[in-house]
Amino acid sequence: MGAPGPLNLITDVAGLLVGHAADPRLRSGVTVVLPNARAACSVDVRGGGSGTRETDLLRPEAAMSGVDAVCLSGGSAFGLDAASGVMQWLAERGRGFPVRGNVVPIVPAAILFDLANGGDKDWGAEPPYRRLGHAACDAATGGAFPLGNTGAGFGAMAGKLKGGLGSASWQEADGLMVAALVAVNPVGSVLTPGNRGFWAQPWEQGDEFGGLNSAFARDIDLGLAAESRIARPVPGGDVGGHTCIGVVATNSVLDKTGLRQVAAMAHDGLARAVRPVHTPMDGDTIFALATAAWQDQGAAVSRDWLIARVGSIAADCMARAVARGVWSATPLEGEDCAAALLRRQEEGKK
């Protein structure tokens, strides 16, 4: 009844641009999602270590009806300044919310913790994230972009493996498009016990993250699933030390109230792809955007049914995006990566 979009990226949602900027020396970066026009947006924040900006405006009862961009950044709380660079870029182009002769860009943001990944964080008097936010906007495109060590996912870690930036999309036969983008930096594992494969493998399309579905079906049972629970401290698992941050987007017509429910449902995708998830050490944050470029032409389709439909697809896309981001990531220095680890597992079975 549907298939991944042409690019299998969030840019399959017409009207969205995505830009990235990273500093290899810093081992950190920024990703920005730029709608061509102001878009309805909401957010769902979970876990105990979140870092966000301008999310109060996204509450259904708040007056602001749309946003000009969404910013995802590394750098922990320092990275929240990346949104200032995005605001500057938008203001230079006269884009934002008009207020008494002024234009104020509305840019909600979320951050992940990558300060302990070995990069040079001695940035002096001015953290680099404002500059990186501006540069990410300059690089924004409506086409293809790389995954893995990209943008906000550049310095991410997924448990003990190299994390990264992932994205996935899904297009229904009637034209509805839903997609996800996520920087994967959880305290939990994206791989099943024994590193046999991704937790998200049942939702894989083709071989988008290795094509190891048979391994999942063969090796996973309830006993193995129980082994994945945290029973002792995870190395590097300090409070505030992790987090997955992302955006789900659709071309459908939804307001903030509906998008709040879509964002909540999209968290189910994280739960399918990461074990455990939403821990005290994570600040998992998912934004939801709607570009309103497509409207259901079916007879008497209820708003609630549309929300349920978009949210269920968003959850599947989020699970796939998590695995794609980690599958595409490559070591910076000393880390292991999922692609190499799973290939070693496959070689060991022969």
Residue in segment 95-105 that is at positive phi and touching a Leu at 6+ places or on another chain (Cβ under 7 Å) present:
yes
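If I filter segment 279-306 down to residues being modelled with pLDDT of 95 or more and not polar (S, T, N, Q), which single residue comes out as farthest from the chain's Cα centre (by Cα)? Spell out how you get there, then give the answer.
Initially, segment 279-306 is screened for residues modelled with pLDDT of 95 or more, giving 284-291.
Restricting the remaining residues to those that are not polar (S, T, N, Q) gives 284, 286-290.
Details: Asp284: 9, Ile286: 7, Phe287: 9, Ala288: 11, Leu289: 12, Ala290: 16 Å.
Applying the filter and picking the extreme gives Ala290.
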I need a count of the residues in segment 162-192 that are polar (S, T, N, Q) and under 17 Å from His242 (Cα atoms).
2
Residue check for Ala273: of a type in the set (Gly, Ala, Ser), crowded, with 18+ Cβ neighbours inside 10 Å and at pLDDT 95 or above:
yes
Closer than 17 Å to Ala168 by Cα and either at pLDDT 95 or above or surrounded by fewer than 24 Cβ atoms within 10 Å (Cβ to Cβ) (or both): is that true of Asp268 in this structure?
yes
Does segment 40-54 include one or more residues that are within 18 Å of Asp255 (Cβ to Cβ), open to solvent by less than 20 Å² (accessible area, probe 1.4 Å), of a type in the set (D, E, K, R) and not in a loop (DSSP other than H, G, I, E, B)?
yes
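The values are calculated or read from the model by the stated rules, or taken from the named source; none is laboratory data. A quick note: this is a predicted structure, and the numbers were derived from the prediction, not measured. Note that each Cβ is placed from the backbone with ideal geometry, even for glycine, and that neighbours are counted across all protein chains shown. These accessible areas exclude ligands, DNA and RNA; they are computed on the full protein's heavy atoms, side chains included. Shrake-Rupley method; radii C 1.70, N 1.55, O 1.52, S 1.80 Å.
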